[in-house]
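All of the numbers you see were taken from the coordinates with simple rules; none came from a lab. Quantities reported herein were computed from a predicted structural model and do not represent experimental measurements. We place every Cβ from the backbone using ideal geometry, glycine too, and count neighbours over all the protein chains shown.
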Amino acid sequence: MDTPILGTLTLTPIDEETLAKRAQADRAAFAAVYDHFFRRVYNYVRYRVGEAEAADDLTAQIFEQVLRHLPKYRPHRGLFAAWLFRIARTAIYDYLRQQRRHPRLSLEALEDQASNQLEPDQQVEERLHRAYLLNVIATLSEREQEIIALKFGAGLTNRQIADLLKLSQSNAGVILYRTLGKLRGLLHAEENR
Amino acid sequence: MNEEDWADYFSRELDGLISQTEKDSTRSAPADFHEARQVATTLAQLNFSAESRQREKLRRRLLAQAHQSQEAQMKMLHWRHALTWSIIGTVTVLMLTLTLFYPGGVAAAAQNVYDALRSIVLGDYSRAMQTKPSAGNDPAPLLPDMWKIRTEIGNFAGNAPPGVEPLVRSVTTLEEAQALVNFHLTTPTYLPDGYVLREVKLAPIGGTHWVLSFYGGAVHDIIIVQMPGGPQPSPNPNEVHGVYDGIITTEPIEEIDFDGRTAAWIDGKALVWSVDNMTYEVGGVGLTPTEAKQIARSLR
């Protein structure tokens, strides 16, 4: 018998806190946590580091840390998503610090990479479009990139972002609003080049 | 409205926009607002995750790691455990019915977790189990939010209900303890010479408490434990909490008769039995079954 279920058996609609508690009680249930958060973690990392290969490595590192530290998560101290993305944020920060600068593949390199995938034209175009957006986002300030990644990659609420970045909620909203406006300007400029 | 107002309005709209449930109802908004909204729409539709080349491989690796970690958790020795359940909301009526009317199902499910060499049924919500010895004598920590109490007759562990800190309270009189629990605390009218109450520990579990009374003697304690099991009262009418207790030991357990009831003699130092969903334990180092029964009969 290798699937213990000792602990809390909570029969509630699935939410993130329940997923976390189940995984704490039964590590085999970590699969559900992984499946639920993979997309958000990977997208968040991609926004921050750009390259797919680095994003894969960092995503693996983040989930390994989440699994290792899962017993330390205390629901009464905050939401699981905020706890998880705090780990993700620290891992990315360490990675970027090691890089000393934030190297991203050039758009040309990304185009080469995309064209080597032997994908249908439409998929190649979509991949190029995503790479193009990432490159433009990479020209924003650190804080602006972070807020975009937390909002659109990690899918956090403004309140959660504010907590992570130690801002007021309204301040986070204003920064996000301005950043999107600035990004729009940069995209306009790129399109007119 | 100024920029801050529009940012605030924008933030309120954004989550709906991301989930693609929000319609554009802001025709009077400034151009900045529409531009921000347009970019947000683009970003909300971006998904890079299909480009990951490690997703499945990483999933397998993590599950293997999780499995190893789980095995380490299972190295335990003579623990009294609680499996608690919470049933919340109307969608779980079937489970609620099954739990209330077929309590043995819950107990059986919990029992199946262990590869038991011997199992003694003490009540609908109570079992004593002898399991195969595992490496190491010190039990690995179980759940992070579990309370744990180590005693001379074995270790006790359980988890507090949702929203309650897993803190064990300690008081020095039964009167203080009685004021904190929703069931009658029993007092022994007989104890061997020299034993007096020195401490009562109360541990939160499934909407109630387990209560451990320590009677100190010259060398060792006599410990009397009350462990309520089964469905427990809940402050929320849409929730049902309950407790299943299981005694798990690698030491021999023996089924014995206690005045016509099925009881278990655990680890050569504790008598355990169950009456009306309340499991009792009387134990101490050097205590004989005869002495334990004498104390047990004197509980009022």
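Take every residue in peptide A:40-53, count the Cβ atoms of other chains within 10 Å of its Cβ, and give the average of those counts.
Working: counts 1, 1, 9, 5, 1, 3, 6, 3, 0, 0, 1, 0, 5, 4.
Partner Cβ neighbours, averaged per residue: 3.
For B:Arg118, enumerate residues with amide H under 5 Å from its amide H, sequence gap 5+ or separate chain, H modeled in the peptide plane.
Here the answer is B:Gln130, since their amide H atoms fall under 5 Å of that of B:Arg118.
For the range B:53-59, what does the Karplus curve 6.51 cos²θ - 1.76 cosθ + 1.60, with θ = phi - 60°, yield as ³J(HN,Hα) per residue in whole Hz, taken in order and with x for Gly and Pro?
For the range B:53-59, the Karplus curve yields 9, 10, 3, 5, 5, 5, 4 Hz.
If amide hydrogens are placed 1.01 Å from N in the peptide plane, which non-local residues have theirs closer than 5 Å to the one on B:Thr279?
B:Met227, B:Gly229
Evaluate peptide B:160-167: per residue, the Cβ atoms of other protein chains within 10 Å of its Cβ; return the mean as an integer.
Numbers: counts 1, 2, 8, 2, 1, 2, 2, 0.
That average works out to 2.
Work out, step by step, the length gained on full extension between B:Arg198 and B:Asp276: first 0.36 nm times the residue separation, then minus their alpha carbon distance; give nm to one decimal. Please report the intermediate quantities before stating the final value.
Values: separation 78, 0.36 × 78 = 28.08 nm, distance 2.79 nm.
Full extension of this stretch gives 25.3 nm more.
Inside 10 Å of the C-beta atoms of A:18-30, what's the mean count of C-beta atoms belonging to other chains?
4
In sequence order, what are the phi-derived ³J(HN,Hα) couplings for the range B:172-183 according to the Karplus relation 6.51 cos²θ - 1.76 cosθ + 1.60 with θ = phi - 60°, rounded to whole Hz, with x for glycine and proline?
These are the phi-based 3J(HN,Hα) values: 10, 10, 5, 5, 4, 5, 4, 5, 9, 10, 9, 9 Hz.
Among the listed pairs A:Lys21/A:Lys72; B:Lys132/B:Lys201; B:Lys132/B:Lys269; B:Lys269/B:Lys293; A:Lys21/B:Lys148, which are separated by more than 21 Å between their Cα atoms?
B:Lys132/B:Lys201
Using 0.36 nm per residue of separation minus the Cα-Cα distance, give me the extension gain between B:Thr288 and B:Val171 in nm, one decimal. Don't jump to the answer; show the numbers that get you there.
On the way: separation 117, 0.36 × 117 = 42.12 nm, distance 2.79 nm.
The span from B:Thr288 to B:Val171 would gain 39.3 nm if fully extended.
Checking the cross-link filter: which lysines have an alpha carbon closer than 18 Å to that of A:Lys151, excluding same-chain neighbours under 8 positions apart?
Hits, sequence-local ones excluded: A:Lys166, A:Lys182.
Quick check: from the Cα gyration tensor, does the range A:16-191 come out rounded (a/c under 1.5), prolate or oblate?
Working: a/c = 2.09, a/b = 1.38, b/c = 1.52.
In terms of gyration-tensor shape, oblate.
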